[in-house]
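Trainee: Sharing a structure here in structure tokens format.
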Amino acid sequence: MNTKRTFALPVLLLTALALVLSACGAAQTPAAPPEPQVVTQVVVQTEVVEVEKPVEVVVTPTPGPNPEAVISDVEEGAEITFWTFYLSPTFDEYIKSTIARFNESYPGVTVKWEDRQATLQEEFRNSLAAGNAPDVVNVPTGWVQEFAQKGQLLNMSEALPQEVQAQYFPDLFNQVNVGGASYQVPWYQAVDGYLVNTQVISAAGYTLEDLPTTFDEQKQFCLDFKERSGIPCGLRMATDNLLQTIAYEGGVEVMNEDGSAFTFDSPEAVQWLQDYVDLMNAEAIHRDIVLLNAADDRIGLERFTAGQMPFYVTGPQLIRVVRESNPGLYGYLAMVPRAVGRSGALPPVSMSIVVAQDTPYPRASAALATFFSNPQSMLEFAKIVQIFPSTPASFEDPFFTQKPVAIEDQIRPIAREIISSQKNILPEIPNQAEVNEVVRQAIEAALFGGVDPQTALTDAVTQANELIQ
């Protein structure tokens, strides 16, 4: 620190000295000495302080883990084949953009996407038998049990952390458990309802309020509608899981309590099949549609679009198919809940994603399966097609609470309530694919071959029980 001192001779002192000198020269007698003067000395002190300037330091934060990367220790360099079901070319952009987002979360994994259609189930069976199955596959949920029981699918209850399992509705994650474990993750859900042609029903003197709400009302409605209009109803069964149809629609206990024997030839089951026989004999349902599987759903939609039924049991996601093939019909469509079966319960109507047990990349494959079915992916998919998420968090978006405008949106505000109440009421069915084929033959014999429903179902129960002994 430098200090400067400045000394100043006060002006008052200089003036006093001048007066003294002048008085000495003018007076003859000596003057009295002046009184002493008090002089104040002023010192000005200046301090210079050097201040250090702040130094700016740029710190790049360490990026946190990608919030969608929920599976740890994914195999580096994994190359995964992913099969979907009837999604190309309509949803090419969505699938590709979701894979791109997956690559941001799991940059070390390569995904090869292929879409399969009518032949998916057979191709998957053959590839599993040959040992060259795709790693990840989108299948109708009704197919899962067949492959899981053969030990061909990855156990998702073991492969996925508990917090990942919790992103789904519990009854959907566990909807087809085998040995108490889930072998699938639920993907997009549907809400089966009546897709109604209001032109057809109004021409016959009916309104939307006249449509049936119970299984018993449905039978009578279709009988009356055929008699009045000459047009059959568009009813169909879940042919990939016919015991599910019997259980939900007929209120039937398909197995005994300990799961040791089938019981789907009970009076309730016989009555359920007799109802369909009555409809078939009255030509009140379409013969070539009632036993269509999911892969052939478009055949029923073509009949509906041509005005050959008052309603068709399907989901709102397929309204786009009707609109594309007959745009003029779109304004005459309506979507209402379908009749509830005698069980009083609603079956899950869903697609699943499964992982092959023999995949060399189980963690990367599980990561892909959970990524496509996570809340963000589900929400984005729901915004471009009328499907519903299996993830409760997706429904928190305002998209699901807005007032619907389009016909296919009419179920959206109540979709969460419907999806959350869907539950599998069936026990685990041993040898599900083989048993389903036995049941299908029995139903065909009654519907088309004139076999008494009791005889057909009792014969089927005998055959089915032999499969589990």
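The values are calculated or read from the model by the stated rules, or taken from the named source; none is laboratory data. Nothing here was measured: the structure is a model prediction, and the numbers come from that model. All Cβ positions, even for glycine, are placed from backbone atoms using ideal geometry, and neighbour counts span all protein chains on display.
Trainee: Quick one: in region 302-337, of everything that is among the hydroxyl-bearing types (Ser, Thr, Tyr) and touching a strand residue (DSSP E or B) at 6+ places or on another chain (Cβ under 7 Å), which residue is farthest from Ala238 (Cα to Cα)?
Mentor: Of all residues in region 302-337, those among the hydroxyl-bearing types (Ser, Thr, Tyr) come to 305, 312, 314, 325, 330, 332.
Subset that is touching a strand residue (DSSP E or B) at 6+ places or on another chain (Cβ under 7 Å): 312, 314, 332.
Details: Tyr312: 14, Thr314: 11, Tyr332: 27 Å.
My answer is Tyr332.
Trainee: Moving on to the next point. Using beta carbons and a limit of 7 Å, which pairs, at least six apart or on different chains, have the first residue in region 284-302 and under 17 Å from Val349 (Cβ atoms) and the second one modelled with pLDDT under 85 and assigned to a loop (DSSP other than H, G, I, E, B)?
Mentor: Note: pairs meeting the criteria are Asn293/Asp240; Ala294/Asp240; Gly300/Leu292.
Trainee: When Arg236 is evaluated against the numbered criteria (1) assigned by TED's automatic domain parsing to the domain that holds Val313; (2) surrounded by fewer than 21 Cβ atoms within 10 Å (Cβ to Cβ); (3) not hydrophobic (A, V, I, L, M, F, W, C), which criterion, by number, is the only one it fails?
Mentor: (2)
Trainee: Next question. Can you tell which of Glu257, Glu227 is without any contact (Cβ under 8 Å) to a residue 60 or more places away in the chain and either closer than 23 Å to Leu467 by Cα or touching a strand residue (DSSP E or B) at 6+ places or on another chain (Cβ under 6 Å) (or both)?
Mentor: Numbers: Glu227 fails: either closer than 23 Å to Leu467 by Cα or touching a strand residue (DSSP E or B) at 6+ places or on another chain (Cβ under 6 Å) (or both).
Result: Glu257 is the single residue among Glu257, Glu227 that is without any contact (Cβ under 8 Å) to a residue 60 or more places away in the chain and either closer than 23 Å to Leu467 by Cα or touching a strand residue (DSSP E or B) at 6+ places or on another chain (Cβ under 6 Å) (or both).
Trainee: Please find, among Glu217, Glu227, Glu249, Glu253, the residue that is at pLDDT 95 or above, surrounded by 16 or more Cβ atoms within 10 Å (Cβ to Cβ), among the charged types (D, E, K, R) and farther than 16 Å from Val290 by Cα.
Mentor: Step by step, each of Glu217, Glu227, Glu249, Glu253 is checked, and only Glu253 is at pLDDT 95 or above, surrounded by 16 or more Cβ atoms within 10 Å (Cβ to Cβ), among the charged types (D, E, K, R) and farther than 16 Å from Val290 by Cα.
Trainee: Of the residues in region 189-221, how many are of a type outside the set (Ser, Thr, Tyr), touching a residue at least 60 places away in the same chain (Cβ under 8 Å) and not in a loop (DSSP other than H, G, I, E, B)?
Mentor: Residues of region 189-221 that are of a type outside the set (Ser, Thr, Tyr), as a first pass: 189-193, 195-197, 199-201, 203-205, 208-212, 215-221.
Now restrict to residues that are touching a residue at least 60 places away in the same chain (Cβ under 8 Å): 189-193, 195-197, 199-201, 204, 208, 211-212, 215-219.
Filter once more, keeping what is not in a loop (DSSP other than H, G, I, E, B): 189, 193, 195-197, 199-201, 208, 215-219.
Qualifying residue count, region 189-221: 14.
Trainee: Would you pick out the residues in region 195-225 that are over 22 Å from Val340 (Cβ atoms) and of a type outside the set (S, T, N, Q)?
Mentor: Within region 195-225, Val200, Ala203, Ala204, Gly205 qualify.
Trainee: Scan region 296-307 and tell me whether some residue there is at pLDDT below 90 and among the polar types (S, T, N, Q).
Mentor: no
Trainee: Within region 90-139, restricting attention to residues that are of a type in the set (Val, Ile, Thr) and in a loop (DSSP other than H, G, I, E, B), which residue is surrounded by the fewest Cβ atoms within 10 Å (Cβ to Cβ)? Explain how you work it out, then say what you get.
Mentor: Filtering region 90-139 down to residues of a type in the set (Val, Ile, Thr) leaves 90, 95, 98-99, 109-111, 119, 136-137, 139.
Still in the running and in a loop (DSSP other than H, G, I, E, B): 90, 109, 119.
Details: Thr90: 15, Val109: 23, Thr119: 10.
The selected residue is Thr119.
Trainee: While we're on this one: For Gln308, only one of the following conditions fails: (1) in contact (Cβ under 8 Å) with a residue 40 or more places away in the chain; (2) more than 26 Å from Leu87 (Cβ to Cβ); (3) not in a loop (DSSP other than H, G, I, E, B). What is its number?
Mentor: (3)
Trainee: Related question: When residues of region 146-167 are filtered for being among the acidic types (Asp, Glu) and either buried (at least 19 other Cβ atoms within 10 Å of the Cβ) or touching a residue at least 24 places away in the same chain (Cβ under 8 Å) (or both), how many remain? Steps first, answer last, please.
Mentor: Our first condition is that a residue be among the acidic types (Asp, Glu); within region 146-167, this holds for 146, 158, 163.
Adding the requirement that they be either buried (at least 19 other Cβ atoms within 10 Å of the Cβ) or touching a residue at least 24 places away in the same chain (Cβ under 8 Å) (or both) leaves 146, 163.
Matching residues across region 146-167 total 2.
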